[in-house]
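Down below is the structure, laid out as structure tokens.
The values are calculated or read from the model by the stated rules, or taken from the named source; none is laboratory data. Just so it is clear, the structure is predicted and the values come from calculations on it, not from any experiment. As a convention, Cβ positions derive from the backbone with ideal geometry for all residues, glycine included, and neighbour counts pool all protein chains shown. Heads up: the accessible areas ignore ligands, DNA and RNA and are worked out on the full protein's heavy atoms, side chains in. Shrake-Rupley method; radii C 1.70, N 1.55, O 1.52, S 1.80 Å.
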Amino acid sequence: GMRVAGLCTSGGRGAGHLARSRAQPQRLRGVALAAGALGHREQWQEDAHATAVLEEGPWREAAQAHQDRVRRLVGGGDMSSPDPDNPIYNFLFRYYYWKPQQVARYSPGWGVALIGAQRRDLAGSSERDSDRRAVVDSRTGALYFHPGTCRWKTVEGFAKVLDLLVATEARPPVLNCFGYHEWAMLYQPDPTVPTQRHQSLPLRVSQETLNQVVEDRTPLRCTHFDAFRFFTAPAQERNHAVLDRASQRRLEQPGCVHASMDLFKYAMKLSPWVDPSILGECLALAKRARIMDIRASPYDASQYSHPGSEDQEPLDLSPIAVETLEGRQAYLAEQEQLWKAAQPIRRRLVVEYTRVIEEAARVHRRDPP
């Protein structure tokens, strides 16, 4: 049966406080704030300074390495338009609404000034987006990112993400779902309602077999609302519980393939204040999770397999036949490895979110939400 442990911390923030003790941000000096003043951010920017400085040569090399890593992960090319029919890339960049070029834009994280950088060089540095605008270091005149530019509403949104990450991290993994969510999205489709199919791919099993597999595996063990909401109505009735957005914090667990995939979304939400290595790790993890996801589905995506080349990774989309015992055993082994890979990445995101929230709250002169 499914085991979901309750979070034994006050308000779900215990691990967040632990992260704060491990990663206290350096304080910016010379910050003169008028308490409650709406325009205080411009005032602190005049006196604030970065906590580290990178010379132009090293940061441009780092930026190129980040771009090259992203390009290889998304299949090479100029990144402007990954194959729209590829079931891996079209999911990563349509379901998650960032474009590859946005992911490839470089930021060193917050507090690091880049000598010689122009706004066009940096991720999220548009003047039109005041939340993510790069500011000028008062000592060197170089650009850097600081969470103090965030509106309080943005900080509150970060706090909700942190709360979910901490709650998910604290639970034991559930490793008996076997990827049947993709099957449930196609179970007994209503001919009068458009089927929720994210892929224009052929099925590798008949509709009759698909229906039987779902019925044989009832109750389904899905814990991820953003998968459950695409189930057909008859399949939703076969899940172990009815899921909704309100229950996500209570049920999200670290063994879930989609919960691991979502770390990419949460890393991008924190850009440009997040370390670029974390962003690259989250994209690589999301791709790995999506490959596992589509291999265990009832779709036949084998036409998109390729051996790899100099500028792109190999892609194995041969089926994991979860309708068989051998397939379920293979899926379980892959899922366990994915969970183990995701845990340190989730921990790093908890630390990064905590640092950003606390520093933004300090500038706003408010308690962290």
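Please enumerate the residues belonging to the range 248-272 that are open to solvent by 10 Å² or more (accessible area, probe 1.4 Å), of a type in the set (S, T, N, Q) and outside any loop (DSSP other than H, G, I, E, B).
Across the range 248-272, the qualifying residue is only 248.
Could you please find all residues in the range 218-247 being closer than 19 Å to residue 96 by Cα and open to solvent by 20 Å² or more (accessible area, probe 1.4 Å)?
Result: 225, 229, 230, 245.
Do we have residue 135 as closer than 19 Å to residue 225 by Cα and surrounded by 16 or more Cβ atoms within 10 Å (Cβ to Cβ) here?
For residue 135, the condition - closer than 19 Å to residue 225 by Cα and surrounded by 16 or more Cβ atoms within 10 Å (Cβ to Cβ) - is not met.
Check whether at least one residue in the range 289-302 is assigned to a helix (DSSP H, G or I), hydroxyl-bearing (Ser, Thr, Tyr) and either closer than 27 Å to residue 187 by Cβ or in contact with an Asp or Glu (Cβ under 9 Å, 6 or more places away or on another chain) (or both), and report yes or no. Walk me through how you get there before you give the answer.
Within the range 289-302, the first condition is being assigned to a helix (DSSP H, G or I), and the residues that meet it are 289-295, 302.
Then keep just the ones that are hydroxyl-bearing (Ser, Thr, Tyr); that gives 302.
Right, trim to either closer than 27 Å to residue 187 by Cβ or in contact with an Asp or Glu (Cβ under 9 Å, 6 or more places away or on another chain) (or both) and you get 302.
Yes.
Could you pull out the residue among 302, 277, 318 that is open to solvent by 50 Å² or more (accessible area, probe 1.4 Å), over 21 Å from residue 253 (Cβ atoms) and either free of Cβ contacts under 8 Å to residues at least 60 places away in the same chain or of a type outside the set (Phe, Trp, Tyr) (or both)? Talk me through it step by step, then tell me what you get.
Working: 277 fails: open to solvent by 50 Å² or more (accessible area, probe 1.4 Å); 318 fails: open to solvent by 50 Å² or more (accessible area, probe 1.4 Å).
Exactly one of 302, 277, 318 is open to solvent by 50 Å² or more (accessible area, probe 1.4 Å), over 21 Å from residue 253 (Cβ atoms) and either free of Cβ contacts under 8 Å to residues at least 60 places away in the same chain or of a type outside the set (Phe, Trp, Tyr) (or both), namely 302.
Looking only at the range 321-331, decide whether some residue is closer than 30 Å to residue 157 by Cα, aliphatic (A, V, I, L, M), modelled with pLDDT of 95 or more and part of a helix (DSSP H, G or I).
Scanning the range 321-331, I find no residue that is closer than 30 Å to residue 157 by Cα, aliphatic (A, V, I, L, M), modelled with pLDDT of 95 or more and part of a helix (DSSP H, G or I), so the answer is no.
Among what's in the range 336-369 and is charged (D, E, K, R) and outside any helix (DSSP H, G or I), pick the residue that is farthest from residue 256 (Cα to Cα). Spell out the reasoning first.
Step one: filter the range 336-369 for residues charged (D, E, K, R), giving 336, 340, 346-348, 352, 355, 358-359, 362, 365-367.
Checking the rest, the ones that are also outside any helix (DSSP H, G or I) come to 365-367.
Details: 365: 37, 366: 35, 367: 32 Å.
It comes out as 365.
I'd like the full set of residues that are of a type outside the set (A, V, I, L, M) and at pLDDT 85 or above, limited to the range 63-83.
Result: 64, 66, 67, 68, 69, 71, 72.
Hey, does the range 285-296 have a residue that's open to solvent by 50 Å² or more (accessible area, probe 1.4 Å), of a type in the set (D, E, K, R) and closer than 17 Å to residue 201 by Cβ?
Within the range 285-296, none of the residues are open to solvent by 50 Å² or more (accessible area, probe 1.4 Å), of a type in the set (D, E, K, R) and closer than 17 Å to residue 201 by Cβ.
Does the range 99-106 include one or more residues that are in a strand (DSSP E or B) and either touching a Lys or Arg at 6+ places or on another chain (Cβ under 7 Å) or open to solvent by less than 30 Å² (accessible area, probe 1.4 Å) (or both)?
Checking the range 99-106: at least one residue is in a strand (DSSP E or B) and either touching a Lys or Arg at 6+ places or on another chain (Cβ under 7 Å) or open to solvent by less than 30 Å² (accessible area, probe 1.4 Å) (or both).
Quick check: anything in the range 197-205 at pLDDT 90 or above, in contact with a strand residue (DSSP E or B) (Cβ under 9 Å, 6 or more places away or on another chain) and exposed (fewer than 14 other Cβ atoms within 10 Å of the Cβ)?
Yes, there is a match, as at least one residue in the range 197-205 is at pLDDT 90 or above, in contact with a strand residue (DSSP E or B) (Cβ under 9 Å, 6 or more places away or on another chain) and exposed (fewer than 14 other Cβ atoms within 10 Å of the Cβ).
Identify all residues within the range 154-169 that are farther than 11 Å from residue 349 by Cβ, aliphatic (A, V, I, L, M) and in contact with a Gly (Cβ under 8 Å, 6 or more places away or on another chain); write none if there are none.
167
What residue, among those in the range 338-369 that are aliphatic (A, V, I, L, M) and more than 21 Å from the chain's Cα centre (by Cα), is surrounded by the most Cβ atoms within 10 Å (Cβ to Cβ)? Lay out the reasoning, then the answer.
Step one: filter the range 338-369 for residues aliphatic (A, V, I, L, M), giving 338, 341-342, 345, 349-351, 356-357, 360-361, 363.
Filter once more, keeping what is more than 21 Å from the chain's Cα centre (by Cα): 360-361, 363.
Details: 360: 25, 361: 19, 363: 21.
This residue is 360.
Return the pair list, or none, for Cβ contacts closer than 6 Å from residues in the range 141-162 that are free of Cβ contacts under 8 Å to residues at least 24 places away in the same chain to residues that are open to solvent by 30 Å² or more (accessible area, probe 1.4 Å) and among the acidic types (Asp, Glu), at least 6 apart or on different chains.
Pairs that qualify, where the first residue is free of Cβ contacts under 8 Å to residues at least 24 places away in the same chain and the partner is open to solvent by 30 Å² or more (accessible area, probe 1.4 Å) and among the acidic types (Asp, Glu): there are none.
Among the residues that make up the range 84-97, is at least one of them open to solvent by less than 30 Å² (accessible area, probe 1.4 Å) and modelled with pLDDT of 90 or more?
Looking for residues that are open to solvent by less than 30 Å² (accessible area, probe 1.4 Å) and modelled with pLDDT of 90 or more, one finds at least one in the range 84-97, hence yes.
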